[in-house]
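First the structure, in the form of C-alpha cells, and then the observations on it.
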Amino acid sequence: MKLAFLADPLDSFKTYKDSTYAMMAEAAKRGHAIFAFEQKDMALDGGEVVANVKRITLTGDAKDWYRAEAPLAMHLTEFDAVMVRKDPPFDMEYIYLTYLLERAEAKGARIFNRPEAIRSHNEKLAIAQFPQFTAPTLVTGNAARVRAFHDEHRDIILKPLDGMGGTGIFRVKEDGLNLGSIIETLTGNGRHTIMVQRFIPEIAEGDKRILLIGGQVVPYCLARIPQNGEVRGNLAAGGLGVARALSARDREIGEALAPVLSKRGLLLVGLDVIGDYLTEINVTSPTCFQEITQQTGFNVAQMFIDALEQAV
C-alpha cells in the first residue's frame with residue numbers, strides 16, 4: 001500500500017519514543033511505501049486537494065533516520081490511506097486542515113482519523129458524552145460559577161480547552177490561593193471557556209493513557225506519574241511513564257467507548273484515565289506506542305497497522 005503521513009516536521013521526531021515513527025517502521029517492515037507531508041504542503045486547487053509529498057525510506061539510524069526523495073504534487077486520493085498525525089494546538093489552522101481533508105475524503109481519499117470526527121471531538125469536552133465515567137466537571141467562562149464549584153469541591157483542577165501536554169493546568173486547594181488570578185488568566189477575564197474538575201487524588205499513581213485501536217482496547221496502558229511536586233503526569237511535563245496491565249475499571253471504560261468511537265471514524269483514540277475517571281479523549285495524534293511496547297513486549301504499532309490494513 002501507499003501510506004501518507006500528515007505530520008509535524010520529520011526532523012522534529014524523537015524516534016526512540018515517537019508513535020508516528022513506530023507506525024512508519026511497522027508499515028515499512030511489511031513492504032508498504034511511506035510518504036510524508038505537512039499542513040503547509042497542502043492546497044485546495046480547482047476543487048481538488050493536493051499536497052507536495054515526499055516519499056521516505058527509513059534508515060534504521062536513530063538520529064539520521066530517513067531519506068527523502070524530491071517532493072511531488074499528488075492528490076490525496078492517490079494514497080491507500082492518509083494518517084493524520086499532526087499535533088495540536090487545535091486552533092483555527094487545525095480546523096481549516098480538517099476542512100481540506102474532508103474535501104479530499106469526498107473525492108475518495110481514505111483518511112484516519114476521519115477529519116469530521118477529529119473536529120467533533122474536542123479532546124477535553126468529548127468526555128461530556130460519557131458522564132457515567134467522569135468526575136464532577138464544569139465547563140464555563142463565568143468566574144462566579146467556577147468559585148461556586150470550588151466552594152462545593154474544595155480541591156479542583158482548572159485547564160484550557162485547547163491545551164496539550166499539560167500546558168495551562170492549575171490546581172487550587174481548599175484555601176483558594178490565587179483562584180481569582182487563575183480564573184482571570186485562563187478565561188481572559190471571561191472571554192474564554194475553560195474546564196474545571198474535582199481533583200482526583202489518584203493522580204499520584206499516574207494519569208493512564210489507554211489506547212483504542214480499530215474498536216479494540218490495547219491490553220496495557222501507560223501510567224504517567226507526576227514528578228518533582230508536579231500535579232501533571234504528562235510526559236511533556238516531566239512525568240514518568242510506567243506501563244501497566246489494564247485494571248477492571250480501565251477495561252470497562254475502554255470497552256464501552258471503543259466501539260462507539262470506532263463507528264464514528266476514529267481508528268486510533270487515546271483515553272486519559274485518572275483513578276476510576278475518564279478525563280480526556282485524545283483523537284488528534286495519540287501517543288505512547290513505544291513506551292508500552294518497550295516495557296511490556298506488546299507490539300502496539302503492529303496492532304495499529306493490522307487495523308489500518310483491515311480498514312483499507
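The values are calculated or read from the model by the stated rules, or taken from the named source; none is laboratory data. These numbers come from a predicted model, not from an experiment. Ideal geometry is used to build each Cβ from the backbone, glycine not excepted, and the neighbour counts take in all protein chains shown.
Some points to look at:
- Residue pairs whose Cβ atoms lie under 8 Å apart, separated by 6 or more positions or on different chains, with the first residue in segment 57-74 and outside the structural domain of Pro9 (by TED's automatic domain parsing) and the second of a type in the set (Ser, Thr, Tyr) and loosely packed, with under 11 Cβ neighbours inside 10 Å, do not occur.
- Residue count for segment 285-304 satisfying the condition of being β-branched (Val, Ile, Thr), out of contact with any Gly (no Cβ under 9 Å at 6 or more places or on another chain) and closer than 13 Å to Leu212 by Cα: 1.
- In segment 225-237, of all residues being without any contact (Cβ under 8 Å) to a residue 40 or more places away in the chain and exposed (fewer than 15 other Cβ atoms within 10 Å of the Cβ), the one that is farthest from Glu291 (Cα to Cα) corresponds to Gly229.
- Taking the listed residues Leu211, Leu179, Leu186, the one that is over 26 Å from the mean Cα position of the chain (by Cα) and either surrounded by 14 or more Cβ atoms within 10 Å (Cβ to Cβ) or within 30 Å of Ala301 (Cβ to Cβ) (or both) is Leu179, with no other qualifying.
- Filter result for Val53 (touching a Phe, Trp or Tyr at 6+ places or on another chain (Cβ under 8 Å), closer than 27 Å to Ile281 by Cβ and not assigned by TED's automatic domain parsing to the domain that holds Ala307): no
- Matching residues, segment 270-294, being assigned to a helix (DSSP H, G or I) and out of contact with any Leu (no Cβ under 8 Å at 6 or more places or on another chain): Gln290, Thr293, Gln294
- Taken over segment 17-31, the criterion of being touching a residue at least 40 places away in the same chain (Cβ under 8 Å) and surrounded by 18 or more Cβ atoms within 10 Å (Cβ to Cβ) is satisfied by Asp18, Ser19, Thr20, Tyr21, Ala22, Met23, Ala25, Glu26, Ala27.
- Residue in segment 296-306 that is within 18 Å of the chain's Cα centre (by Cα), surrounded by fewer than 24 Cβ atoms within 10 Å (Cβ to Cβ) and of a type in the set (Ser, Thr, Tyr) present: no
- Test: residue in segment 224-234 that is closer than 30 Å to Leu308 by Cβ and in a strand (DSSP E or B): yes
- Residue that is surrounded by the fewest Cβ atoms within 10 Å (Cβ to Cβ), among those in segment 134-176 that are at pLDDT below 95 and β-branched (Val, Ile, Thr): Thr167
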